[in-house]
Amino acid sequence: MQLQETYLEMPVNGGRVLVIKSYDEKLAREAFESIGDDALESVAAALKLQDLFEEEDIPNVQSPEYRDFLWETLSDEAREDGHIKSFFIVLKEIAGNLPAALYVTPDWPSAQHFAQGLPQE
């Protein structure tokens, strides 16, 4: 099994955006930890937290527990079969720099939507 494969590649301002599918949970977690607050909002919306949890069980967005809660939910939803998990990671590459993670999700449609919403060249 491949650890990752490219699902989408497109040019954006100053570089390119890639959407990769990865089975590497550590890579996905590192990417998740580096994404910004706006991306976290998009992840939460894609996960449809209100369909998975009671309102009172969802930590406040401003609380320190929120990011961990979101990761645990994302990780649970990434389960494909048994213990196998897959993640879609949106990366931006700019010439001369390391790729920067912008978004992580367990599903292709939200990764594609996020990537295609980024400013194009």
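Quick notes
- Which of V90, V61, V17, V12 has the fewest Cβ neighbours within 10 Å, and the rest in rising order: V61, V12, V17, V90
- Residue with peak Gaussian network fluctuation, the chain [Cα springs, cutoff 10 Å], from E54, E30, E77: E54
- Distance between the range 20-52 and the range 79-110 - C-alpha centres, whole angstrom: 8
- Relative contact order computed over the chain (Cα-Cα under 8 Å; 6+ residues apart), in percent: 35
- Unit charges at the beta carbon, dipole of the chain: most positive-side option, T6, S86, S22: T6
- Of the residues L52, L27, L70, the one with the fewest other Cβ atoms within 10 Å heads the list, and the complete ranking is L52, L27, L70.
- Gaussian network model of the chain, Cα within-10 Å springs - most flexible of S63, S75, S86: S63
- Rounded to the nearest whole Hz, the Karplus-based 3J(HN,Hα) values (6.51 cos²θ - 1.76 cosθ + 1.60, θ = phi - 60°) of the range 15-23 follow the sequence x, 8, 10, 10, 10, 10, 9, 10, 9, with x at glycine and proline.
- By the count of other C-beta atoms within 10 Å, a proxy for reagent exposure, T73, T6, T105 are ordered fewest to most as T6, T73, T105.
- When Rg and the Kirkwood radius Rh are both evaluated on Cα atoms of the chain, their ratio Rg/Rh stands at 0.97.
Bear in mind that the values in this text are calculations on the coordinates, not laboratory data. As the structure is a computational prediction, the values presented were derived from the model and not from experiment. Reconstructed Cβ throughout: ideal geometry from the backbone, glycine too, with neighbour counts over all protein chains shown.
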